[in-house]
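Data first, discussion second: the structure below is written as structure tokens.
Values quoted throughout were computed directly from the atomic coordinates according to the rules given, and no laboratory measurement underlies them. For clarity, every value in this text was computed on a predicted model and none was experimentally measured. When we count neighbours, we look across all protein chains shown, and the Cβ atoms used for this are built from the backbone with ideal geometry, even at glycine.
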Amino acid sequence: MLGLVSTSSGTDALNVVKVALPLGIGLASAAFLSLKMTGMIGNGLDQSIPTAALRPGDKSHDAEYTEDPDLFLSTCEECYGPVFNLYLYNQFITMVSGPLAREVFMTENMNFGDAADDTSGIHSFTASITKSKRAFNDPAIHEMIRDIITPNLALFTPRIVQGMLTMVDKEFDIDDRKLIADPLFIFQEMIASAMANVFMGSEIAKNRNVLDSFIHCMSSFTDFLAKGPQKSVWRTLRARTTYGLLSPLQQHVQVLVDAATPVVQERRRQEAEALEKGLEYDRPLDTLQGLLDNFDKYGLKDLEDVCGHILVMVLVSVHTTSDSSTYLSYYLAAYPEYIEPLFQEQLTVLNQISQEREEQRQEKLKSGEIASVKDFEGTALDPQHDRDLTSAALKRMVRMDSFLREFFRFRAQKVSLAHMARKDVLLSNGITIRKGRKVMINVQSVHQSYDMQGEDPTEFRPWRFIGKSKAATKASTDFLPFGMGKHACPGRFLAVQELKTVGVLLVSRFSNIEIQDLSKKSEALLSRVGAPVPTGLYFTSRQPKAAN
Ligand code: HEM
């Protein structure tokens, strides 16, 4: 969900990182972890939970963690058991490891949103643009995504693909081989375009101001946080007071309202006209229309409120998905031997689908249901669409799905997904997490566990999940990038559909992707936030222009 990309630089960017990481969002960076923190170990900690000993001379666990996160976390787990305290990121954190992590997600009294709000005041931020003062994890927002977006993904896909294709061809514009110093900017354009199509419809998705708001609204939040005090209590207080008076998000809501107003008026006119003529109104398919049609169900007040809710969805979706797309391209570059098999899978699937459609056409012609080949034009079996990248085609690309799941498993932040206890919570190992405590998940203990992941859990093996009924969207005890349980990310189906589309477009357009400075490869693959990836990517076109 939330992820932070800062448009700021220097100290501001680092401040953003300090705020971002404990949200359990986005991405740890070695740079961040090397920041000097102040404070005293032991304050406010529940003594019944063991606190990891500090190395002589260290004031926090930051340095030891930074040197070798995997070793540090597994040593802690070995010495102290699955639940232990650390002093990381300028705060005391209770870590929960292995199978016990499941209990954190499944307990209603442990809340992800509360932890994020405690650190950043994010709830006041989203409440400032929704008239019923909703938090990003309000059940109504979850329902809107679950009921309006997810069931319509197959119908959204052609528009997602079209939006991305336009951006790929425009933004990459590669003759032969080209260095892209910061690919994030291109992926932001692609994802903003896809999301705008899904959220606001194809007409509004062409509006440059809307795309800019989709891309930049998150930095209105992070810039605000970056300039604020470091202690979370002051930052939260400042957020609550300031957003009440002047929300930096308001300008983005206004952009959406300005773009939506004429479109909604025209839709209303067409609906009235259809009614008058006794015809059925052909409802546009987008979230905007879904919200207008369910105005009362969701307690919406007016168009501004509808746009406010859409902006909340934009906040939790655009950056997270753009960021993942960017890293997906770095993973393809780091493991280029998988580009060709992924491309071949794509060709095989599209060939199979074309052949099946041809067989269906032949049957219809044979039975006399359709008189001639020409009559298929404009129907579901129009030969022009035989090789379209549809939702059904994406579903058959099992290598791409497995690559994506492995990418998420491998890249996940090792310490993340903060939750806050609303009441005392008794874990099954007898340890109680006291009300008001923040816990974080020791994701490394799950994502790199031999028992949960099988052979070579520390290796990147992209075909690991083929044939295992472990789709990239399947949130579960052994796969946590989208959380799990009742509050598991409702946007993961959309996010994964978009990421698969990105992957498919990349391998079909480029025969090779290379990391510009190989000495920075492992740094480039690390999760990070606030700072750009330290090296660019070379893209080699499959169809050099000179050859055309
Ligand atoms: C790669 C992209 C994404 C990642 C990694 C991601 C990750 C997450 C995580 C870890 C959570 C917390 C789950 C929990 O508490 O167990 C979450 C919650 C949420 N996400 Fe996402 N997310 C992504 C994309 C999206 C998209 C595209 C949307 C909207 C269309 C979205 C909407 C939400 C919402 C509304 C919640 C709160 C759910 C609740 O508390 O009921 N996310 N996401």
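Rounded, prolate or oblate for region 453-548? Axes are the square roots of the Cα gyration tensor eigenvalues, ordered a ≥ b ≥ c, and the cut-off for rounded is a/c under 1.5. Verdict is prolate for region 453-548.
Around the amide H of W463, modelled in the peptide plane, lies no amide H under 5 Å away from a residue 5 or more places distant or on another chain.
Exceedance of the 30 Å cut-off in Cα-Cα distance is limited, within the set K414/K486; K178/K470; K178/K500; K133/K470; K468/K520; K206/K414, to K178/K470; K133/K470; K468/K520; K206/K414.
Tell me, what is the percent relative contact order of region 350-507, built from C-alpha pairs under 8 Å that lie six or more residues apart? Normalised by residue count, the contact order of region 350-507 is 21 percent. Taking every C-alpha pair closer than 8 Å and separated by at least 6 residues, the mean separation divided by the residue count of the chain gives a relative contact order of 27 percent. Summarising the amide proton neighbourhood of F510: residues at separation of 5 or more, or on other chains, whose placed amide H is nearer than 5 Å comprise R542.
Per-residue 3J(HN,Hα) values for region 161-175, derived from phi via the Karplus relation 6.51 cos²θ - 1.76 cosθ + 1.60 with θ = phi - 60°, read 5, 4, x, 6, 4, 4, 5, 4, 5, 6, 7, 7, 5, 10, 6 Hz in sequence order (x marks Gly and Pro).
The calculated 222 nm mean residue ellipticity attributable to helices in the chain amounts to -16000 deg cm²/dmol, summing -39500 (n - 2.57) over DSSP H runs of n ≥ 4 and dividing by all residues. Going from the residue with the fewest nearby Cβ atoms within 10 Å to the one with the most, H142, H123 rank H142, H123. Figure legend: label point modelled 7 angstrom from the Cα of Q270 along Cα→Cβ; residues of region 300-320 with amide N under 20 Å from it are 303, 307. By definition, a body whose alpha carbon gyration tensor gives a ≥ b ≥ c is oblate when a/c is 1.5 or more and a/b is not larger than b/c, and region 282-351 fits this oblate description. Here K435 is the anchor, and the lysines within straight C-alpha reach of less than 20 Å, apart from those fewer than 8 places off in the same chain, are K423. Phi-derived couplings, Karplus 6.51 cos²θ - 1.76 cosθ + 1.60 at θ = phi - 60°, listed residue by residue for region 274-291: 4, 4, 4, 8, x, 9, 7, 6, 7, 5, x, 9, 6, 5, 3, 5, x, 6 Hz, with x used for Gly and Pro.
Between amide H atoms placed 1.01 Å from N, distances below 5 Å from S416 occur with I441, V443, all of them 5 or more places distant or on a separate chain. For the chain, the longest principal axis of the C-alpha atoms and the axis of helix 303-334 are separated by about 80°.
Rounded to the nearest Hz, the phi-derived 3J(HN,Hα) couplings of region 184-198 under the Karplus curve 6.51 cos²θ - 1.76 cosθ + 1.60 (θ = phi - 60°) are 3, 4, 6, 5, 4, 4, 5, 6, 4, 5, 5, 5, 5, 4, 6, where x marks glycine and proline. Among rounded, prolate and oblate, which fits region 322-450 when a ≥ b ≥ c are the square roots of the eigenvalues of its C-alpha gyration tensor, a/c under 1.5 means rounded, and a/b larger than b/c means prolate? It is prolate, given that a/c is not under 1.5 and a/b is the larger ratio.
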